[in-house]
């Protein structure tokens with residue numbers, strides 16, 4: 001299994017209505033300081049409906065980027081019950097899924 005597959009498989013553990021950070025996901029697959037690598041892999045996600053890359057956010061609580069636009073990511077998160085204001089998840093610390 002290559003790195004992308006490991007990251008996508010690990011991301012599948014994050015339930016609807018929760019998020020994880022790029023750093024948490026990197027750490028979960030053994031990548032030290034791998035936040036940027038995770039971000040690049042999320043951007044190339046070939047199956048965004050199946051592999052929920054919209055649930056990966058910045059460690060500051062900001063939603064971060066999305067291949068289809070931040071507005072789409074915000075809508076998807078909102079549809080899962082996550083409240084967002086000014087591009088930041090409200091009470092994001094309580095929603096972070098820890099592996």
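Calculated mean residue ellipticity at 222 nm for the chain: -10500 deg cm²/dmol, from DSSP H runs with n ≥ 4 weighted as -39500 (n - 2.57), summed, divided by the residue count and rounded to 500. Rounded to the nearest 10 degrees, the angle from helix 70-79 to the longest Cα principal axis of the chain is 80 degrees. Kirkwood analysis of the Cα pair distances in region 7-61 returns a hydrodynamic radius of 11.0 Å.
All of the numbers you see were taken from the coordinates with simple rules; none came from a lab. Predicted model only: the values in this text are computed from it and were never measured.
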